[in-house]
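Q: The structure's right below; bear with me while I get my questions together.
The values are calculated or read from the model by the stated rules, or taken from the named source; none is laboratory data. Being a predicted model, the structure only gives us computed values, none of them experimental. Cβ sites come from the backbone with ideal geometry, for glycine too, and all protein chains shown count toward neighbours.
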């Protein structure tokens, strides 16, 4: 099952208006993917999550990496003004949800982008950062994997970049952190 909870519209000011789509959330299937922004209030979705829990896995992919997130009205209203602040707030929310909604032994996966000329020498830092994030969450670090990838550059694709940071020629990696609910 795939279900889209968000709808967005670019306003004349250049900011984006993001709203939660109202309406019934379909019954879950064996694997359910729901596109939601966990920082936006969506009481119906929160109730649905509680009713469906406990879950086997919760995953969060590539959050805080698109400029449009920090250009939304709601994010400005709640004080998020950068990709980093967005990613950190979403990770805190994801940890809170995972610790509450996963069954014992359930898996949380956090996937982010990293640019590095030497990912192997950076691995220990990434592991320590992951363990620090998990402190006090009821989740235990399991593993960190890295996968090199190329950003798409065909017509119509969105290439991720960081304003003021030239990363051309530096390899891009997806880092996958797995944690288990204790």
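Q: What pairs can you find where one residue is in the stretch 140-156 and in contact (Cβ under 8 Å) with a residue 40 or more places away in the chain, the other is loosely packed, with under 13 Cβ neighbours inside 10 Å, and their Cβ atoms are less than 9 Å apart, with a gap of 6+ or different chains?
A: From residues that are in contact (Cβ under 8 Å) with a residue 40 or more places away in the chain, the pairs are 140/182.
Q: Oh, and also: Looking at the stretch 20-53, which of its residues are within 19 Å of the chain's Cα centre (by Cα) and surrounded by 14 or more Cβ atoms within 10 Å (Cβ to Cβ)? So that I can check it myself, show each step before the final result.
A: Within the stretch 20-53, the subset within 19 Å of the chain's Cα centre (by Cα) is 20, 31-42, 45-46, 49.
Residues satisfying the conditions are 20, 32, 34, 36, 37, 38, 39, 40, 42, 45, 49.
Q: Which members of the stretch 128-143 meet the condition of being modelled with pLDDT of 95 or more, closer than 18 Å to residue 174 by Cβ and surrounded by 15 or more Cβ atoms within 10 Å (Cβ to Cβ)?
A: 141
Q: For the stretch 36-66, enumerate the residues that are outside any loop (DSSP other than H, G, I, E, B) and touching a residue at least 60 places away in the same chain (Cβ under 8 Å). Let's see the steps before the verdict.
A: Initially, the stretch 36-66 is screened for residues outside any loop (DSSP other than H, G, I, E, B), giving 43-52, 55-61.
None - no residue of the stretch 36-66 is outside any loop (DSSP other than H, G, I, E, B) and touching a residue at least 60 places away in the same chain (Cβ under 8 Å), so the list stays empty.
Q: Select from the stretch 9-35 the residues that are in contact (Cβ under 8 Å) with a residue 24 or more places away in the chain and not in a loop (DSSP other than H, G, I, E, B) and list them in ascending order.
A: 16, 17, 18, 20, 33, 34, 35
Q: While we're looking at this one, here's another question. It is to be established whether one or more residues within the stretch 81-97 are in contact with a strand residue (DSSP E or B) (Cβ under 9 Å, 6 or more places away or on another chain), modelled with pLDDT under 75, closer than 30 Å to residue 146 by Cβ and surrounded by 13 or more Cβ atoms within 10 Å (Cβ to Cβ).
A: Yes, because at least one residue in the stretch 81-97 is in contact with a strand residue (DSSP E or B) (Cβ under 9 Å, 6 or more places away or on another chain), modelled with pLDDT under 75, closer than 30 Å to residue 146 by Cβ and surrounded by 13 or more Cβ atoms within 10 Å (Cβ to Cβ).
Q: Any residue in the stretch 70-83 that is assigned to a loop (DSSP other than H, G, I, E, B) sitting within a Cβ distance under 6 Å of a residue that is at pLDDT below 75? List the pairs, counting only those 6 or more apart or interchain.
A: That search, which allows pairs on different chains as well, returns 71/15; 71/16; 81/70; 82/70.
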